[in-house]
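What follows draws every value from the coordinates through simple rules; no lab data is involved. These numbers come from a predicted model, not from an experiment. Ideal geometry is used to build each Cβ from the backbone, glycine not excepted, and the neighbour counts take in all protein chains shown.
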Amino acid sequence: MSSFILSLLSPAVLSLDFWISVVLLVGIAGIFSLGIQLNAGSSGLLNVGHVGFMAIGAYTMAILVVDLGVNLWLAILAGIAVAVLTSLLIGLPSLRLRHDYFAIATIAFAEVVRLFAQNARGLTGGNQGKSGYDGAWRAIAEPMSAFFVDLGWTDSHLLPLAIVTWVIYLLTLAGVSYAVRTPWGRVLRAVREDEDAASALGKNVLSYKLQSLAIAAALAAVAGVIFALDIRFLVPEEFLPDFTFLAYAAVILGGLGSYAGVFVGTITIWVLLEVTRFLDLPISSDRIAAIRFILIGLVLIFLSMRKPEGLLGERREMVLRHD
Amino acid sequence: MTEQTGSAPILEVRDVVRSFDGLVAVDGASFTIERGTITALIGPNGAGKSTLFNVVTGFNPAEHGAVRFRGKAITGLPPHRISGLGLARTFQLTKVFNAMSVLDNLLVSAPDHPGEHLVNSFLRAPRVRRQERLIGDRARALLDTFSLADKHDEYAGELSGGQRKLLELARILMLGPDMVLLDEPMSGVNPTLGRQLLDHIHRLRKEEGTTFLFVEHDMDVVMQNADSVIVMAEGKVIARGLPEEIRRDPAVLEAYLGSASRRRKGSDG
Amino acid sequence: MTVLRSDKRLTDSPSILRGGHQLGPLIFFLLAMAVLVAVLVALRGPLPVAQTTINGLVTGAYFALGAAGLTLVFGILRLINFAHGDLLTFGAYIALATVYLGLPFWVAVIASVLITAATTLGFEAVIWDPLRRRGAGTLQMILTAIGLAFILRHGIQLIAGTNPQTLGVDVVSTFNVGPLTIGQTQAWVLIAGYLVLVLLGVMLRFSLLGKQLRALSDDLDLAEVTGIDSDRLILITQALSGGLAGLAGILFAASVGSITPNVGFFLLISLFSATILGGVGNAYGALVGGIALGLVQEWSTLVLDARWKTAIGFVVLVAMIIIRPTGLLGQKRLVDR
């Protein structure tokens with residue numbers, strides 16, 4: 001069976017470099033999806049515009065470095081800060097709304113960001129793209145790469161980035177799953193369960209929702225910055241709402257509310273996506289891409305309808321949740 | 001902050017007006033509540049009792065009028081601020097945090113917990129842990145009092161209706177308020193449980209001096225438990241006094257019978 | 001059925017049977033539009049304004065049809081359906097397939113409307129109805145809608161590929177009405193689109209079915225309580241919504257010239273915008289909102305570069321959500337406190 005599957009895939013799948021790039025992408029997606037789990041899973045916030053914060057982080061960093069000559073590391077911090085600020089600006093008016101209105105507001109926001117990136121050509125390079133921001137990163141990555149080559153491993157220039165990414169991912173994963181288990185996290189869950197009751201107990205519901213959104217925005221911005229360093233060439237097309245939807249698929253697959261779950265779910269979804277990119281079938285790559293996304297759609301529907309607790313979630317809890 | 005003398009009312013409601021979609025739900029209601037009393041709020045359906053509760057506790061803003069709690073103006077404050085000042089409420093449809101454990105429901109109700117600021121959980125962890133232990137003990141004691149101890153790890157959403165009512169009351173106790181507004185605490189509750197709830201209410205009033213205002217339809221409950229009764233009809237307060245006085249008040253009878261006879265006319269016509 | 005009770009304000013009161021839609025915001029908006037037109041005429045002269053108004057009315061036609069479908073099912077699904085945009089794409093591609101098979105265009109239109117309606121009924125039976133009976137929450141519904149959107153969009157891509165395709169309608173011929181130039185296809189789209197919109201409006205206003213549909217879309221629980229046969233009506237609403245979406249997709253394809261599998265999704269936000277502008281759950285609102293949005297979008301090209309056109313819809317959406325989430329014709333019910 002496995003040899004049959006392997007025979008469907010092109011040989012590229014078996015190379016180390018391919019897997020390093022997958023590991024890197026999974027790490028980026030992991031940091032990104034963490035924000036969705038915090039929002040939708042722990043706080044009951046239907047943030048469907050998450051990729052917008054990712055784009056803000058990436059583009060702010062790129063613009064600061066390329067157009068204003070800002071130091072890369074400062075630019076990265078600025079990118080995160082701008083994303084967080086934006087989340088507060090968006091959140092203040094829209095977090096009071098019903099869940100589906102909030103969802104629409106967030107997806108509209110993400111599309112505004114993308115359209116802006118597409119049309120404000122002077123600033124963002126539009127569809128022609130923006131590049132040249134990763135000089136400072138290359139300066140430290142190259143020696144690291146050389147080190148690995150000396151060890152006889154690989155010369156993939158992505159290995160240093162993959163390692164850094166996973167350090168960040170594991171730290172943020174630990175941090176967020178800890179935070180959710182603190183008294184602060186308890187209030188967040190109470191707000192998710194019943195806002196009126198939480199208010200009646202003295203909790204400032206809006207404040208907690210804003211905090212959740214802000215932290216998620218920061219995570220998305222971090223993912224965006226790393227992504228920018230990975231692809232080295234920013235185009236608006238990389239920040240379509242589909243990426244947010246994939247994160248939701250990962251969260252649901254792993255189990256809404258479970259941080260071990262989102263870890264597993266992210267790996268599953270993205271490994272599947274990347275490996276199936278190389279299906280050696282006699283049809284065009286467009287159509288292969290379509291099949292991949294149809295599969296994701298089926299997974300989403302199946303999980304939503306039949307198994308909302310996913311792989312590692314709690315069925316009883318899912319049934320009782322108000323969202 | 002106004003100085004509260006022992007004789008000043010704990011809650012003052014003055015000329016509150018509130019409408020929805022063009023219909024006036026509360027039409028200039030005024031009353032005061034003295035500290036440490038148990039007051040019943042009665043009236044026919046549609047009298048505006050629940051709306052009044054919402055206005056007093058900040059869930060709906062008043063269009064006119066003022067509410068003072070412990071001498072401080074609370075009109076227009078958001079619900080969480082009013083709760084923080086010591087005025088708590090329950091809801092007509094019992095609201096517990098379904099997908100959280102019974103214990104967590106209680107723990108989250110404890111006021112002024114440093115751990116509820118995220119920064120503290122990282123930078124002041126020992127202080128947070130100490131508070132967790134303290135409120136954990138309080139919570140478990142409360143669970144014993146309410147005979148919910150063996151359910152502490154269950155999801156609150158899986159409790160029976162009666163147990164949820166007890167949990168809601170236990171949460172209020174964790175909060176430790178000065179005054180509690182209870183929205184139909186006896187509805188859907190069997191007599192034994194009802195007796196339990198009332199015992200707790202009387203005990204709290206006696207031991208902590210907690211003031212209670214509750215909406216109730218069961219006249220027996222009102223007669224036996226209330227120090228004082230407020231009657232509302234069509235958005236206004238139409239009577240106020242001791243239970244025996246209210247029972248005989250012609251205006252009150254008119255309000256109840258009047259609405260009943262209107263209903264009868266409607267069904268004939 | 002109390003899926004979203006916890007979301008509404010504590011002492012929510014039913015609206016539609018009370019009547020009394022506030023006209024104030026609508027009048028204010030119409031005045032604002034009039035002022036806008038006046039300013040644009042002053043800036044650019046009457047002819048460009050008139051020309052872009054024609055374009056705006058064309059865009060408004062398919063916006064209105066799409067938004068009407070969205071708003072009608074809102075009351076049933078309790079959410080704004082993320083998969084709706086892809087129904088437009090679906091309708092356009094069915095028409096494409098019909099034309100490809102050599103059938104005349106009018107057959108394509110009818111086939112597309114019917115098939116899209118039938119497909120929507122299929123989704124209702126297989127997906128929405130079971131979810132609704134199970135009391136599914138908003139998150140589940142939205143994720144299902146997103147999954148459905150994925151499948152629709154990429155299913156179309158699988159079959160038809162990603163290259164832009166055209167319906168083969170004549171987008172070049174024009175004729176003149178006074179100083180104005182109108183495309184032949186534009187004229188056809190305007191006539192067909194507004195005819196259907198007027199029929200829809202009349203049906204909603206005067207027929208029993210229309211009244212029931214309006215009640216259903218505004219408040220499902222209340223409608224059920226007043227004795228409306230909701231099961232039958234739900235099917236009718238879904239079919240109607242799907243049919244309108246199919247038609248909107250064809251009008252879009254005809255007026256824009258070519259389509260790709262993604263067009264519906266990118267229209268979706270504008271449709272959300274039109275729906276929210278008019279007031280979610282309010283069918284007239286969707287019609288007004290769609291036309292208004294189309295006009296504003298096209299007028300914007302008089303002062304902004306055309307590439308910012310679609311951003312207008314998004315800006316309107318964000319503004320509405322902040323200022324008046326219930327829309328021009330909606331009631332103040334949909335906000336949490």
Inset, instruction - Using θ = phi - 60° and the Karplus relation 6.51 cos²θ - 1.76 cosθ + 1.60, list the HN-Hα couplings for the stretch C:46-57 in order, rounded to whole Hz, with x at every Gly or Pro. - result: x, 5, x, 5, 5, 4, 5, 5, 4, 4, x, 5
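Taking 51 Å as R0, compute the FRET efficiency from the Cβ-Cβ separation of B:Arg203 and A:Ser207 and round it to 0.05.
On the way: r = 35 Å, r/R0 = 0.68.
Result of the calculation: an efficiency of 0.90.
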Inset, instruction - Collect residues whose amide H, placed 1.01 Å from N in the peptide plane, falls under 5 Å from the amide H of B:His64; neighbours closer than 5 in sequence don't count. - result: B:Val17
Legend entry - Using alpha carbons only: equivalent-ellipsoid semi-axes of the stretch A:63-146, gyration tensor based, whole Å: 32, 16, 12
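Quick one: of the DSSP bridges fully inside the protein assembly as shown, what percent are antiparallel, nearest 5? Could the numbers behind the result be given before it?
Values: 31 of 47 bridges.
Here the antiparallel bridges make up roughly 65 percent for the protein assembly as shown.
What percentage of all Cα-Cα pairs in the stretch A:26-240 are separated by more than 31 Å?
Numbers: 5663 of 23005 pairs.
It works out to 25 percent of all Cα pairs.
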Legend entry - Averaged over A:89-98, number of beta-carbon atoms from partner chains that fall within 10 Å: 4
Inset, instruction - Take the alpha carbon atoms of the stretch C:72-108, find their center, do the same for the stretch A:250-315, and report the distance between the two centers in whole angstrom. - result: 27
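Taking the Cβ of each residue in A:Ile76, A:Ile104, C:Ile291 as the centre, tally the other Cβ atoms inside 10 Å and list the residues starting with the fewest.
Details: A:Ile76 27, A:Ile104 31, C:Ile291 23.
Exposure proxy ranking, most exposed first: C:Ile291, A:Ile76, A:Ile104.
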Inset, instruction - Name the residues whose placed amide hydrogens come within less than 5 Å of the amide hydrogen of B:Ala233, ignoring near sequence neighbours (fewer than 5 apart) on the same chain. - result: B:Ile238
Legend entry - Kirkwood-Stokes translational diffusion coefficient of the stretch B:145-216, alpha-carbon pairs, 25 °C, 0.890 mPa s, µm²/s: 192
Legend entry - B:Leu93-B:His64 pseudo-label distance in nm [points 7 Å out on the Cα-to-Cβ vector]: 3.2
Inset, instruction - With label points built 7 Å along Cα→Cβ from the Cα atoms of A:Ala120 and B:Ser30, find their separation and express it in nm. - result: 5.6
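Net charge near B:His64, counting Lys/Arg +1 and Asp/Glu -1 over other residues with Cβ under 11 Å of its Cβ?
-1
By average Cβ neighbour count within 10 Å, what is the ranking of C:303-316, C:52-65 from highest down? Each step should come with its number before you reach the end.
On the way: C:303-316: 17.1, C:52-65: 25.4.
By packing density, highest mean first, the sequence is C:52-65, C:303-316.
Using the 2.2 N^0.38 Å rule of thumb for compact globular proteins, work out how the stretch B:97-158 stacks up: its C-alpha Rg over that value, please.
Values: Rg = 12.5 Å, N = 62, 2.2 N^0.38 = 10.6 Å.
Dividing the Cα radius of gyration by 2.2 N^0.38 Å gives 1.18.
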Inset, instruction - Sort B:206-218, A:177-189 for me by packing, meaning the mean count of neighbouring Cβ atoms within 10 Å per residue, highest on top. - result: A:177-189, B:206-218
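Can you give the mean number of other chain Cβ atoms that lie within 10 Å of the Cβ atoms in peptide C:303-315? Mind dumping the intermediate values first?
Numbers: counts 0, 1, 1, 0, 6, 5, 2, 5, 7, 0, 4, 10, 3.
Neighbouring Cβ atoms belonging to other protein chains average 3 per residue here.
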Inset, instruction - Take every Cα-Cα distance within the protein assembly as shown, group them into 20 Å bins from 0 onward, and report for each bin the whole-number percent of pairs it holds. - result: 13, 41, 34, 12, 1
Inset, instruction - Could you go through the stretch C:150-162 in sequence order and give the Karplus-derived ³J(HN,Hα) for each residue, using 6.51 cos²θ - 1.76 cosθ + 1.60 with θ = phi - 60°, rounded to whole Hz, and x for Gly and Pro? - result: 4, 5, 4, 4, 7, x, 4, 5, 4, 7, 9, x, 8
Inset, instruction - Given a cut-off of 32 Å, name the pairs among A:Lys203/C:Lys211; B:Lys72/B:Lys151; B:Lys151/B:Lys236; A:Lys307/C:Lys211; A:Lys203/B:Lys165; B:Lys72/B:Lys165 whose C-alpha atoms lie farther apart than that in the structure shown. - result: A:Lys203/C:Lys211; B:Lys72/B:Lys151; B:Lys151/B:Lys236; A:Lys307/C:Lys211
Legend entry - Distance (nanometres) between label positions extended 7 Å along Cα→Cβ at B:Leu85 and B:Arg127: 2.7
Inset, instruction - Place the peptides C:275-284, B:82-91 in order of packing, highest mean first, counting for every residue the other Cβ atoms within 10 Å and averaging per peptide. - result: C:275-284, B:82-91
Legend entry - Max mean-square fluctuation residue, GNM over chain C, Cα-Cα springs under 10 Å, options C:Ile159, C:Ile236, C:Ile146: C:Ile159
Legend entry - Principal axis dimensions, chain C - Cα atoms, whole angstrom, descending: 55, 49, 34
Legend entry - 3J(HN,Hα) from dihedral phi, the stretch B:16-21, Karplus parametrisation 6.51/-1.76/1.60, rounded to Hz, x for glycine, proline: 6, 10, 8, 10, 9, 6
Inset, instruction - Count, for each residue of C:133-141, the Cβ atoms from other chains sitting within 10 Å of its Cβ, then give me the mean as a whole number. - result: 6
